[in-house]
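The structure appears right after this line, and notes come after that.
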Amino acid sequence: MLISPIHLRTLVDTLDLAGHPARTVLAEAGLSPESIDPQGPWVPEERFDQLMRASQQVTGNPAYGMLVSTSLALTRYGPQAMLIIQAPTMRHAVRDTRHFSPLLLEQPELDIREQAGEAWLSVKPLGTTLAGQRFRTEWLMCLAVQLARRAGGREGDLREVRFAYPRPDYAAVYEANFGACLQFDAAESGLRFPSALLDLPIPGHDRMVYEGMRVQVDALMAQRLNRVDVVQALRGRIMAALPRLMAVDEAAQAMDMSGRTLRRHLSARGLGYAELVQQCQRELAERLLREGRVPLKQIADETGFSSPSCFHRAFRRWHGATPLEWREQRP
């Protein structure tokens, strides 16, 4: 998956503010200064993963992802960051994060499900290795807890905190940040809390500032969609719709063009629509498999396959190996 270089720039600035020069961090990650230019082209998420792992090496702190969530460097995200800070409620903050995610990455990292008075905030982090995903999960989960506390949440409101990876050696730091209701080796990472917390007013909300920020970010979104490569934009639409598989005419309508025009764009790149959908399914399946604890049936469901057996056959066709074999070969 491609992501905005602003992710890398923000992390480098966080480290720089903490006394770790950018040159040192980039050298450890094997990256060039050009790769973190906020105005530069989008980069593979593998580079962000390299940088997250390098951050742990340079700082000597395996839990550094938790510290990133409190850094002033997060203002690097610009109007998007201010939009979250000025959100009237936690529900608005998560909704806006998802809605404007195409400015930063192809697929949202956060989602909310509600049932029987409880909310589940799921986290599907960027990262291509376990260490990178853990770093990003710590970063996002700490941000979510901070937002919940700003809304008036208390420690007891975190009824369940799950992580889709094994218990780390520094688990005591998790207890200090998230409380005692921890579960590791879970199917997915996330927080469970009362749904009412989503709609509590967040102190400091300024409606005029919030609406102004939203207008700015809406404008950025329009600019992004106008200049983005058609195929890349289409990939984003398909990924956002999964597990529902968009028909080509529906996708064309979402892109404000006819089905014929959309097919012409794809043909110019040597692609068919069905092939692009399968690329998106494969990429999402690989991401979920790298998370390590997601059951195959859930992966089949989330990637839009009608059954685990259909997913199994498609995956073997893509990689020449079963999903479990492929996962065991990952670092």
Taking r as the C-beta separation of R260 and E211 and R0 as 45 Å, the FRET efficiency to the nearest 0.05 is 0.70
Farthest positive-ward along region 2-77 dipole, Cα basis, beta-carbon charges - from A73, V25, A54 | A73
Charge dipole of the chain about the Cα centre (unit charges at C-beta), most positive-ward option of M255, V145, Q298 = M255
For C310, what is the net charge nearby, where nearby means another residue's Cβ is under 14 Å from its Cβ and Lys, Arg count +1, Asp, Glu -1?
-> +3
Tell me, E283, E34 in order of fewest to most beta-carbon neighbours within 10 Å?
-> E34, E283
When averaged across all projection directions, what area in nm² does the alpha-carbon convex hull of region 245-331 cover?
-> 6.4 nm²
Cβ-placed point charges (K, R +1; D, E -1), dipole of region 229-331 about Cα centre in debye, nearest 20 = 200 debye
Using r as the Cβ-Cβ distance of H312 and A241, and R0 as 25 Å, what FRET efficiency do you calculate, to the nearest 0.05?
-> 0.65
Assertion target for D157, D16, ordered by fewest C-beta neighbours within 10 angstrom first, is D16, D157
Would you mind calculating the relative contact order of the chain from Cα pairs under 8 angstrom and at least 6 residues apart, reporting the percent as a whole number?
-> 16 percent
With springs only between Cα atoms under 10 Å apart, run a GNM on the chain and tell me which of Q56, Q216, Q253 wobbles the most.
-> Q253
Taking a temperature of 25 °C and a viscosity of 0.890 mPa s, what whole-number D in µm²/s does Stokes-Einstein yield for region 2-77 with Rh from Kirkwood over alpha carbon pairs?
-> 203 µm²/s
Cβ-placed point charges (K, R +1; D, E -1), dipole of region 135-219 about Cα centre in debye, nearest 20 = 100 debye
Average Cα contact separation per residue, region 134-227, under 8 Å, 6 or more apart, as relative contact order % = 32 percent
Grab the beta carbon distance between V231 and A180, set R0 = 35 Å, and tell me the FRET efficiency rounded to 0.05.
-> 0.15
Would you work out which of P194, L266, G236 lies farthest towards the positive end of the dipole of the chain, given +1 charges on the beta-carbon of Lys and Arg and -1 on that of Asp and Glu, about the Cα centre?
-> L266
Hey, any idea what the orientation-averaged projected area of the convex hull of region 42-158's Cα atoms comes to, in nm²?
-> 8.0 nm²
Show that you can apply the helix-only estimate: for the chain, add -39,500 (n - 2.57) for every DSSP H stretch of four or more residues, divide by all residues, and state [θ] at 222 nm to the nearest 500.
-> -16500 deg cm²/dmol
For C142, C280, C310, order by how many other beta-carbon atoms lie within 10 Å, fewest first | C310, C142, C280
Spherically averaged projected area in nm², based on the convex hull that wraps the Cα atoms of region 135-186 | 3.4 nm²
Would you mind counting up the charge near R235? Only other residues with Cβ under 13 Å from its Cβ, with Lys and Arg at +1 and Asp and Glu at -1.
-> -1
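Each value in this text was obtained by applying a stated rule to the coordinates, not by laboratory testing. These figures come from a predicted structure and were not determined experimentally. In this analysis, Cβ positions are derived from the backbone assuming ideal geometry, glycine residues included, and neighbour counts consider all displayed protein chains.
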